[in-house]
Amino acid sequence: MNVVVLTILTLGILGTVAALVLYFVAQKFKVFEDPRIDQVEEVLPAANCGGCGFPGCRAFAEAMVKSDDISSLNCPVGGAETMSAAAGILGKEVAAADPMIAVVRCNGTCDNRPKTNHYDGATSCAVAASLYGGDTGCSNGCLGCGDCVEACTFDAIYMDDKTGLPVVKDNCVACGACVDACPKDIIELRKAGPKGRRIFVSCINVAKGGVAKKACKTACIGCKKCQKECPFDAITVENNLAYIDYTKCKLCRKCVAVCPTNAIHEINFPPKKVKPAVAPATPVKPVTSDNNPSSDNKNKEE
């Protein structure tokens, strides 16, 4: 028999045997996958940002299908509409979650926080944070290298050239990528609030009042005036730093008025109306008989 033909037959037989073995192994260890996973994944935004706490939309869809209670699961990018659609596929109920947004808890602008040295290393907050405390007197504030901007895949944050601080735009989906990227933990996810209104302490400096104020003009000095003024017990002061609990805050803005350093920020609020000053009333001079001619005439007739 020709060697070429024999070789072809041998390889064909080996290929067939290998295919059969692979088929039986695949059937033996076949894993059943719920078809609803594909259906849920289709309604998800496919951002794969990790804001839900899972590696991607596929993993989040699997978690939704396998969980009996999905109240703790949330897709921040898709929001309430996406979660309702996914819950409808599974025949489950999900509570509407309040929209969240990232806030920058640092107001150490170039004017408020003067530089004390110059950093000439890699343009990375992570690298700079591992080397030293920063180029200002505040070792807790923003380093200004823009790691948060690089991490955002939604173009929802940018660096302000004038202030040197990141600015969060209204299209933020609260995926949390910027939160994870910041080595100083100055970015926090908070409730967006009605009409986008929110109040928060824009400082994370835990130094004592005098030291913090020297490093930054608008630093929180832990004076507790805001805590005493808040009627809803929404403000706590620990380690010389105030914090506003957005789950308790009613946006009354009383804390903003009493903060001596303007460390508390109010976003998207209309300007407060200033009541016009009321002029003091002019005292009316009492009328006496000396300057009342009618009275004199009456006396003369008598």
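Which three extents, in angstrom, do the Cα atoms of segment 100-267 have along their principal axes, listed largest first?
Cα extents, longest axis first: 47, 37, 24 Å.
Along the charge dipole of segment 18-83, which of 29, 56, 45 sits closest to the positive end, that is, farthest toward it, with unit charges on the beta carbon of Lys, Arg, Asp and Glu (+1, +1, -1, -1)?
Of the listed residues, the answer is 29.
Please list the radius of gyration and Dmax for the chain, considering alpha-carbon atoms only, with Å as the unit.
33.7, 164
At 7 Å along the Cα-to-beta-carbon direction for both residue 238 and residue 149, put a label point, then send me their distance in nm to one decimal.
3.4 nm
So if I place +1 on the C-beta of Lys and Arg and -1 on the C-beta of Asp and Glu, and nothing else carries charge, what would the dipole magnitude of segment 36-90 be about its Cα centre? I want it in debye, nearest 20.
Values: 3 positive and 7 negative charges, 18 e Å.
It comes to approximately 80 debye.
Run the quick spin-label model on residue 58 and residue 96: label points 7 Å from Cα toward the beta carbon, then report their separation in nm to one decimal.
Each label point lies 7 Å from its Cα, and together they span 3.4 nm.
Could you work out which residue, out of 17, 173, 258, moves most in a Gaussian network model of the chain, that is, has the largest mean-square fluctuation with Cα springs under 10 Å?
17
At a threshold of 8 angstrom on Cα-Cα distance, excluding pairs fewer than six apart, so keeping six or more, what relative contact order does the chain reach in percent?
Details: 437 pairs, mean separation 40.7, N = 302.
It rounds to 13 percent for the chain.
What distance in nm lies between label points placed 7 Å from Cα along the C-beta direction at residue 23 and residue 250?
About 7.3 nm separates the two model spin labels.
For segment 100-267, give the magnitude of the charge dipole about the Cα centre (Cβ charges: +1 Lys/Arg, -1 Asp/Glu; no others), in debye to the nearest 20.
Details: 22 positive and 17 negative charges, 200 e Å.
Its charge dipole is roughly 960 debye.
List the trypsin sites (Lys or Arg not before Pro) in segment 4-60 that DSSP assigns to loop (not H, G, I, E or B) and whose Cβ has at most 12 other Cβ atoms within 10 Å. Which are they? List each step's numbers first, then the result.
Details: sites: 28, 30, 36, 58; in loops: 30.
Filter output for segment 4-60: 30.
Alpha carbon centre of segment 213-229 versus segment 47-96: separation in Å?
Distance between centres, Cα-based: 40 Å.
What residue among 144, 133, 91 shows peak mean-square fluctuation when the chain is described by a Gaussian network model with Cα springs under 10 Å?
91
Could you identify which residue out of 15, 88, 121 has the top mean-square fluctuation in a GNM of the chain using Cα springs shorter than 10 Å?
15
The numbers here are math on the coordinates, done by the rules we state, and not lab data. Predicted model, so just to flag it, every value in this text is computed and none were measured. Note: ideal-geometry Cβ built from the backbone for every residue, glycine included; neighbour counts use all protein chains shown.
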